[in-house]
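The values are calculated or read from the model by the stated rules, or taken from the named source; none is laboratory data. Since the model is a prediction, treat every value here as computed from it, not as a measurement. Note: ideal-geometry Cβ built from the backbone for every residue, glycine included; neighbour counts use all protein chains shown. Note: areas computed on protein heavy atoms with side chains; ligands, DNA, RNA excluded. Shrake-Rupley method; radii C 1.70, N 1.55, O 1.52, S 1.80 Å.
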Amino acid sequence: MPGGIILATASYDHTIKFWDPPSGGCYRSIDCGDFHINRLEITADKHYIAAAGHPQTKLFEVNSNNNNPVTSFDGHKVNVTSVGFQKEGKWMYTGSEDGTVKIWDIKAPGCQRDYECNAPVNCVVLHPNQAELISGDQNGSIRVWDLISNTCSRELVPDGENGITSLSISSDGSMVVASNTKGKCFVWHLGEDDTSRFDPLHKIEAHNAPILKCLFSPDTKLLATASADHTVKIWNTKKFNVIQTLNGHQRWVWDCSFSNDSAYLVTGSSDQMAKLWDLHQGESVKTYSGHSKAVNAVALNDLPR
């Protein structure tokens, strides 16, 4: 990949496509057959991309012409809605509509740990301390899973039974944000000594439609919210006011990912497009067109080697 930037999208058309960001050209397409993909995640070293789907998670090589998965992680019963990696890529975590969060050793078969959430899981994120997972479910609960004590150390219900759609933790570990089906965002300050302590920081009435993804920028200064109202809003994290509304998609915006310098955002939408946005200009600077159905997952890794 030129410049070492990995940009990938997944779609309801059951393909994963890799794009050259500057030109907008697709240089590789993986046909996944009847495998429905919900989420993509690229390892920090850019060797692998994980596709979380129904009901497995499949691992593909990034720099390869081999379009067959190198590993398939089987153990969830239905849709896998969330996937991520420990920072050194030694293990992977997943969340599923079967109500469980699971941890997998990348190089060993089988599930290593299994946490029961008692409700379909929509999202899971890993704390920067690498010792806690936070899950959000369709019944409106947020749970903190302590990987050292192997227990649930905290449970929150910020807005009744309104489902939690997305979670993000700031890179410095100071804040966590949750979005829900009612277009609201809840922001907490995380305790420094007791990271399971959530101190309410802000509540945002962000959209008049479900938020499908909320994400802090790598520099922690911005928060992006992608919504079923066809827009993405960019908020500053000091006062949590809108600084930009990104208009350009024609249908639901499912997913987004920041560049490492927090200057760009990639989005994927039901309009079958992915877009690259310059956040200084607040405008789309490139459109990635080639999927035949909704683009519901995007992944970007432009970390320096």
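A search for C-beta distances below 6 Å between a residue of region 3-23 that is closer than 16 Å to residue 278 by Cβ and any residue that is open to solvent by 30 Å² or more (accessible area, probe 1.4 Å) and of a type outside the set (Val, Ile, Thr), counting only pairs 6+ apart in sequence or on different chains, returns 5/302; 7/300. Applying the condition of being more than 16 Å from residue 5 (Cβ to Cβ), touching a Lys or Arg at 6+ places or on another chain (Cβ under 9 Å) and not in a strand (DSSP E or B) to region 250-305 and asking which residue is most open to solvent (accessible area, probe 1.4 Å) yields 272. Scanning region 174-190 for residues that are of a type outside the set (S, T, N, Q), assigned to a loop (DSSP other than H, G, I, E, B) and open to solvent by 10 Å² or more (accessible area, probe 1.4 Å) yields one hit, 182. Number of residues in region 230-249 that are surrounded by 14 or more Cβ atoms within 10 Å (Cβ to Cβ) and part of a loop (DSSP other than H, G, I, E, B) equals 6.
Residues in region 195-229 that are part of a loop (DSSP other than H, G, I, E, B) and either crowded, with 21+ Cβ neighbours inside 10 Å or among the charged types (D, E, K, R) (or both): 195, 197, 206, 207, 217, 219, 221, 229.
This table checks each residue for (1) over 20 Å from the mean Cα position of the chain (by Cα); (2) under 29 Å from residue 261 (Cβ atoms); (3) not in a strand (DSSP E or B).
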{"residue": "143", "(1), (2), (3)": "no, no, no"}
{"residue": "168", "(1), (2), (3)": "no, yes, no"}
{"residue": "171", "(1), (2), (3)": "no, yes, yes"}
{"residue": "193", "(1), (2), (3)": "yes, no, yes"}
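Screening residue 209 with (1) touching a residue at least 40 places away in the same chain (Cβ under 8 Å); (2) within 29 Å of residue 252 (Cβ to Cβ) gives one miss only, at (1). Scanning region 1-38 for residues that are in contact with a strand residue (DSSP E or B) (Cβ under 6 Å, 6 or more places away or on another chain), open to solvent by 10 Å² or more (accessible area, probe 1.4 Å), of a type in the set (Gly, Ala, Ser) and on the phi < 0 side of the Ramachandran plot returns a single hit, 29.
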